[in-house]
Structures are given as C-alpha cells and as structure tokens.
Amino acid sequence: CAPSNQAVDELAYKIHLQSIGSNGKSGSFNITRFGICPGEDRHDGRGKRSKHSSKTLHSSARDQYLISINMDVNVSDVATGKDTHDFRHSGDFQQSKKRFSSRNSRHINFGEERQKILSKCHVVCTTLSGAGSKAFIDAVARDDFPDSEFDAIIIDEACQGSEVSTLIPF
C-alpha cells in the first residue's frame, strides 16, 4: 500500500522490475494493481477530478505494464472474453483467465472474479484508502474464501499518510 496512486504505481512497477519470485526469476510474481489505471480520472485533492495529461500516455512500458496488472481491466477482459497479452502473470492465472473468459459478460459476478484473481496473486498493490473500499473488501472478505487474509502489509511512504489512513489496510 501507499498513500497515493502515483506511489502505488511506482511501487508496483519496481516490484515487477526488481523483485525475484518463487521461481528465482526477476518479475515473476503474480501481481495485481487494485485501483485506477494511468491516465484515468484522478482526484486532485480539492474535490475535482481531472484527466492525467501526458503525451506518452499508455505508450511507455511502465504504463502498459500497470494497465496489464489492473484488477478491473483484467475482470473486464474476463467478462468480455478478450484474450489479451498479459506479460505479468504466469500460467496459472492465464489458464484461469481463459477458462472464465468463455462466460457471457452478463453472467459475470465482478466480486467473485476479483476474488479469483486475488487468490492467485503473490502481491496486491493498492492505495491505503483502496484497501478499505467496498469492492476490495468484498473481494477478500468472503466466508467461502478461506485464504482471504494477507501474510504481510507493507506501507510505502507511510509518513505521508495520516495515522488513521495507515490503519485502513490492517
């Protein structure tokens, strides 16, 4: 977790580039980003939402990676049956994605699809407030999902968040 979307995006990308996964290879974690994609409407802190403006929007490898690990992008892909190139996940996630993509999007339960994605992830990145959102809680706090607890919470830039906001993920 981190207090801002930008900090979470940077954290997720650094994990992808520099962390060594269970197979001993760099970037081999199953990782998902819960929250907005680069370039989506962002809250400016004064009650207004604005588009992130960038000439290279979605063209950088970083932005493409962040879009590929975005939870809602992956759930939408499953719901619509898109077979997208997803360079962040290993076989287990891709196989389950293909299995669920055959369903009709009208019959998709987005909470359940989020739960399935989260259950296969080694790392989940979100903002402090995102960890307390209804969508996130619904995806991880289910009676029929026994592995809904996380082993650890790491809060990057914790000194920039208020004490109360750092308690949300806990």
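In table form, for the structure just shown:
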{"item": "Any pair with Cβ under 8 angstrom, 6 or more apart, that starts in the range 150-170 at a residue that is part of a helix (DSSP H, G or I) and ends at one that is open to solvent by 70 Å² or more (accessible area, probe 1.4 Å)", "result": "Ser165/Ser129"}
{"item": "For Ser4: the one exception among (1) small (Gly, Ala, Ser); (2) under 24 Å from Ile154 (Cα atoms); (3) modelled with pLDDT under 85; (4) open to solvent by 40 Å² or more (accessible area, probe 1.4 Å)", "result": "(3)"}
{"item": "Some residue of the range 120-141 being among the polar types (S, T, N, Q), open to solvent by 40 Å² or more (accessible area, probe 1.4 Å) and at pLDDT below 65", "result": "no"}
{"item": "When residues of the range 7-32 are limited to those that are under 12 Å from the mean Cα position of the chain (by Cα) and open to solvent by less than 30 Å² (accessible area, probe 1.4 Å), the one farthest from Gly161 (Cα to Cα)", "result": "Asn30"}
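The values are calculated or read from the model by the stated rules, or taken from the named source; none is laboratory data. All figures in this text were calculated on a predicted structure; none of them were measured in a lab. Methodologically, a virtual Cβ is constructed for each residue, glycine included, from the backbone with ideal geometry; neighbour enumeration extends over all protein chains shown. Note: areas computed on protein heavy atoms with side chains; ligands, DNA, RNA excluded. Shrake-Rupley method; radii C 1.70, N 1.55, O 1.52, S 1.80 Å.
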